[in-house]
Amino acid sequence: MQTEQFHALARFGLGRRGNEALPGDPRAWLAAQLAGADPGPDGASKAETALAAIARQQLEKTPEAIAAARALYRGETIRLLDHAVASQTPFRERLVWFWANHFTISARMPGCAPLVGAYVAEAIRPHVTGRFADMLRAVMRHPAMLIYLDNAQSIGPASQAGQVSRRGLNENLARECLELHTISPAGGYTQADVTALARLLTGWSVRVQQEPRGFLFRPRAHEPGGATVMGQRFADGEAGGLTALDFLATHPATYRHLATKLARHFVADSPPPEAVRRIESVLRDTDGDLGAASRAIIELPQAWEPAGKLRSPLDFVLASLRALSLGPDRRPDLISVMAGLGQIPFNAPLPNGWPDTASGWTGPEALLRRVDAAYALAGRAPDADPLAIAESTLGPLLGAATLDRLRGAPSRREALALLLASPEFQRR
Amino acid sequence: MTLAITRRATLAGLFAPLLTAPGMSAAFAAAATSRRFVVILLRGGLDGLHAVPPHADPGLAAARSRLAVPPPGAEGGALPLDGHFGLHPALAGLHGLYGERLLTVFHAVGGFSPERSHFIAQDCLECGAGERLSSGWLNRLAAALPQKPGGAQTALAVGVSLPLLLRGPASVGSFLPQGAQRPPADLYAQVLALHRTDPVTGPALAAGMAERDYAAGVIGADDSKDTATRFSFANLALSAGKLLAAPDGPRLAALELGGWDTHAAQANRLTQPLKSLDAGILALRTGLGAAWNQTVVLIATEFGRTVRENGTNGTDHGTGMAAFLAGGAVQGGSVLADWPGLGEKDLHEARDLRPTTSLRAITRTVLAEHYGLNAATLADILPGSERDKLLKALVRA
């Protein structure tokens with residue numbers, strides 16, 4: 001029996017790719033994925049490129065410029081999906097998508113849509129096995145986040161720019177940084193802390209229209225005098241904001257918050273307290289080393305209990321493409337497929353990102369649409385052998401009832417669709 | 001239609017037992033209520049001072065020199081309500097309802113939670129309490145209403161996902177226009193059979209199938225429009241209205257509309273969502289037909305926004321907000337607000353519109369009047385809510 005191998009592929013990864021070799025020791029296989037650098041997909045566009053497209057869109061406002069910016073979003077999103085489908089380090093890839101969702105940006109804010117590829121490549125992927133404080137800095141200084149949560153235009157009321165213009169503070173990024181990215185409401189911050197952090201982050205902006213395009217600290221827009229966040233005094237200047245972010249990144253409440261989210265993602269919708277405590281203590285002891293925290297998740301006994309997590313639509317689609325070995329030439333438009341399932345990548349409705357529990361995905365119509373999507377995807381693999389695919393993708397996890405019905409299905413396509421829609425395949 | 005009939009015949013035996021709430025049987029079921037109640041959730045925090053500007057308050061122009069909607073009569077000005085308040089010009093349809101006395105506007109309303117977090121405030125709004133509960137208040141209302149003898153589920157979610165507002169013990173249906181090509185009916189039967197004993201997916205899949213059959217019967221195929229139109233808020237509202245109007249259709253429905261979190265460039269960004277909301281209410285009325293006269297629509301958001309415009313021509317998360325009741329059963333034609341004022345000293349925590357009534361009290365009054373619920377049932381649905389004596393006769397008898 002190779003139950004643990006198949007469990008590892010689904011629980012920690014993105015499902016088995018076709019008939020790829022099974023890992024020998026599943027824990028060692030997972031841990032090995034955390035070592036070394038992760039280059040990510042080839043050809044991802046840089047922030048400068050995306051900002052040039054945004055600049056053109058803002059300046060020209062022509063249909064061509066708007067279409068070019070939109071094409072960049074689509075292209076980068078598809079590139080990331082393709083990369084995940086082909087990934088041979090699927091645990092590492094899951095972590096990339098986890099952290100990108102933790103630090104959600106959304107194409108619903110058109111100004112940041114072309115930046116999705118650059119954002120993942122520059123702010124998320126390099127730090128997935130590094131220190132959380134470094135990821136937080138990279139995210140908060142990335143043009144995509146500064147545009148998405150409006151900080152690029154935030155101006156200190158007492159700054160030089162604030163005194164001559166009528167513009168001023170925007171607290172959106174500061175609030176979500178405290179609430180969603182770091183200490184969370186359990187950390188006990190107040191409105192005064194939100195405003196103080198917003199003041200420290202004034203001047204953290206983006207140069208869009210001139211080169212070099214990218215993050216720009218604008219001293220003229222920065223609020224002088226520093227501010228106190230969570231009882232801690234921080235100086236003004238760019239360094240003051242960085243120190244405040246480091247303070248928040250390494251705050252005990254942040255470690256608790258991150259540990260809870262990681263355990264919810266990899267263990268259970270209601271994460272067992274022991275699992276949360278274990279990850280939390282590793283984060284505390286290692287100064288927020290996300291690689292160490294990820295290794296700790298592999299060693300959690302609760303993470304090896306039979307799959308109870310419902311796959312998100314994203315997981316479901318990626319696992320289906322891997323199971324069916326559907327190459328890019330045979331796929332339907334993935335963004336349309338994801339739209340039908342209610343999870344267009346990098347398009348979450350709000351900054352808290354996509355739900356990570358079954359209750360967020362089990363609306364009656366939402367589940368039926370998985371059946372519809374399973375049928376649509378199955379139609380792309382007309383020559384596939386359903387029983388062989390069931391065996392290769394689920395192995396010993398395939399239940400007798402499902403196997404019976406696969407055998408009795410009236411067509412290959414329906415058998416494949418049934419497999420993808422089965423309770424076993426919907427779990428990870 | 002042939003497809004729907006076949007499917008119903010194939011599936012009837014599979015999911016019928018799941019559709020009846022535990023402890024209820026058709027024999028004891030009372031007649032379903034004829035009263036309809038729709039909740040429209042505006043996620044993101046609608047700026048009540050922009051949607052319903054208090055143009056007679058001098059504090060408005062003082063706090064919002066760039067953002068304030070001009071007073072009635074000025075170019076692009078508000079539509080007049082009662083001399084003190086106006087409606088944003090994109091809400092012309094709602095303004096018409098106000099003239100027919102079918103719209104009540106509430107202002108300076110407090111949410112279910114004092115938090116300025118979208119997520120806490122939305123969760124509390126949907127749970128109907130000051131803290132997160134395991135079910136939503138509209139689901140608890142569905143459970144409290146007389147069990148329907150057949151047809152659709154009592155409560156309907158419009159959209160792919162099931163909002164927290166509708167999660168809970170009562171089985172809920174959902175509706176979304178047909179998207180892609182659908183598989184043969186028997187495939188659904190097979191999938192349902194495999195999931196039947198799965199507590200997470202089984203009941204929802206069964207409910208989904210029943211609702212799709214039901215919707216196909218009431219609305220029919222809807223391939224005439226392009227995708228964008230089919231999924232527009234107005235079209236969803238139209239379909240919801242048709243379903244609610246059917247004699248054995250749902251009686252409660254929830255719709256959602258986003259686009260309200262306007263931290264920057266608010267004047268531009270709010271126009272489209274306001275137009276969508278306005279078109280949606282009118283479409284809902286069209287869909288409901290005669291049943292509109294028995295309908296109350298509650299339009300609510302999670303919090304209001306800062307009184308002063310922020311540094312980027314927008315507003316940040318605040319407290320006091322606006323809310324609306326629309327519908328043929330609404331005793332409307334007035335703005336109900338104990339106006340706290342917009343002067344510096346009047347503001348909540350020196351930044352927000354101070355709440356003088358609560359969404360909880362408004363909701364409680366509506367449910368009490370619309371459905372004649374007793375205090376104990378109301379306390380189950382909206383824990384901790386109290387009667388607000390100033391709120392009465394919101395709904396026509």
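The values are calculated or read from the model by the stated rules, or taken from the named source; none is laboratory data. A quick note: this is a predicted structure, and the numbers were derived from the prediction, not measured. Backbone-built Cβ (ideal geometry, glycine too); neighbour counts: all protein chains shown. What goes into the accessible areas is simple: the full protein's heavy atoms, side chains included, and nothing from ligands, DNA or RNA. Shrake-Rupley method; radii C 1.70, N 1.55, O 1.52, S 1.80 Å.
Computed from backbone phi, the HN-Hα couplings of region A:136-153 come to 4, 4, 4, 5, 6, 9, 7, x, 4, 6, 5, 7, 4, 9, 6, 6, 4, 9 Hz, rounded to whole numbers (Karplus: 6.51 cos²θ - 1.76 cosθ + 1.60, θ = phi - 60°; Gly and Pro given as x).
In Å² (nearest 100), what accessible area is buried between A and B, both sides summed, heavy protein atoms only, 1.4 Å probe? Interface area, both chains combined: 4200 Å², rounded to the nearest 100. Here's how it looks for residue A:223: its modeled amide H is under 5 Å from those of A:156, A:202, which are all 5 or more places away or on a different chain. Per residue, chain B exposes 36 Å² of accessible surface when a 1.4 Å probe is rolled over the protein heavy atoms with every protein chain present. For a paramagnetic label modelled on residue A:388 (point 7 Å from Cα along Cα→Cβ), amide N atoms under 17 Å away belong, within region A:283-324, to A:322-324.
From largest to smallest, the equivalent ellipsoid semi-axes obtained for region A:149-250 from the alpha-carbon gyration tensor read 22, 15, 12 Å. Residue by residue, region A:265-282 carries 3J(HN,Hα) couplings of 6, 9, 10, 7, 3, 9, x, x, x, 5, 5, 4, 4, 5, 5, 4, 5, 5 Hz when phi is fed to the Karplus relation 6.51 cos²θ - 1.76 cosθ + 1.60 (θ = phi - 60°); x denotes Gly or Pro. Stretching residue B:356 away from residue B:84 to a fully extended chain increases their span by 96.3 nm, per 0.36 nm per residue minus the current alpha-carbon distance.
A Cα-only calculation for chain B places Rg and Dmax at 21.4, 67 Å. Cα-based radius of gyration for region A:313-421, normalised by 2.2 N^0.38 Å, reads 1.10. Residues of region A:393-407 whose accessible area (probe 1.4 Å, heavy atoms of protein chains only) drops by at least 50 Å² once all protein chains are present, relative to their chain alone: A:405. Just which residues of region A:319-368 lose 50 Å² or more accessible area with every protein chain there, against their chain alone, with the probe set to 1.4 Å? Residues losing area: A:350, A:364, A:365, A:367, A:368. When only the Cβ of Lys, Arg, Asp and Glu is charged (+1, +1, -1, -1), the dipole of region A:313-421 relative to its Cα centre reaches about 140 debye. A simple count of charges around residue A:22, restricted to other residues whose Cβ falls under 15 Å of its Cβ and scoring Lys, Arg +1 and Asp, Glu -1, yields +1.
Buried on complex formation within region B:247-270 (loss of at least 30 square angstrom of accessible surface versus the isolated chain, 1.4 Å probe, ligands and nucleic acids ignored): B:263, B:269. Convex hull volume of the C-alpha atoms in region B:116-246, normalised per residue: 138 Å³.
In this structure the amide hydrogen of residue B:301, modeled in the peptide plane, comes within under 5 Å of the amide hydrogens of B:42, none closer than 5 places in sequence on its chain.
Among B:281, B:362, B:219, the largest mean-square fluctuation in a Gaussian network model of chain B, built with springs joining Cα atoms closer than 10 Å, belongs to B:219. What the phi angles of region B:243-249 give under the Karplus curve with 6.51, -1.76 and 1.60, with θ = phi - 60°, is a coupling list of 5, 5, 6, 4, x, 9, x Hz, glycine and proline written as x. If you find the alpha carbon centre of region A:347-407 and of region B:111-153, how far apart are they in angstrom? That distance is 30 Å.
When both region A:217-283 and region A:75-127 are represented by their alpha-carbon centers, they are found 21 Å apart. Taking label points 7 Å from Cα along the Cα-to-Cβ direction, residue B:349 and residue A:3 give a separation of 5.1 nm. Could you pull out which residues in region A:364-381 have an amide N less than 20 Å from a spot 7 Å beyond the Cα of residue A:329, following the Cα-Cβ vector? Once the point is set 7 Å along Cα→Cβ of residue A:329, A:377-381 turn out to lie under 20 Å by backbone N, inside region A:364-381. Counting only protein heavy atoms and a probe of 1.4 Å, the accessible surface of region B:177-331 is 53% carbon and sulfur. With protein chains left intact and a 1.4 Å probe, residues in region A:313-421 average 32 Å² of accessible area per residue. If a paramagnetic tag sat 7 Å from the Cα of residue A:158 along the Cα-Cβ line, which residues of region A:226-244 would have the backbone N under 19 Å from that point? Under 19 Å, as judged by backbone N against the label point of residue A:158, lie A:226-242, A:244 of region A:226-244.
Under 5 Å between amide hydrogens, built in the peptide plane, is the criterion, and for residue B:36 it picks out B:295, B:296 among residues at least 5 positions away or on other chains. Taking only the Cα atoms of the protein assembly as shown, the ratio Rg/Rh comes out at 0.96, with Rh defined as the Kirkwood radius.
Across all directions, the average projected area of the convex hull around the alpha carbons of chain A is 21.3 nm². Of the residues B:237, B:260, B:157, the one whose Cα sits farthest toward the positive end of the charge dipole of the protein assembly as shown, with +1 on the Cβ of Lys and Arg and -1 on the Cβ of Asp and Glu, is B:237.
Using C-alpha pairs below 8 Å separated by at least 6 residues, the relative contact order for chain A is 20 percent. Share of carbon and sulfur in the accessible area of chain A stands at 53%, probe radius 1.4 Å.
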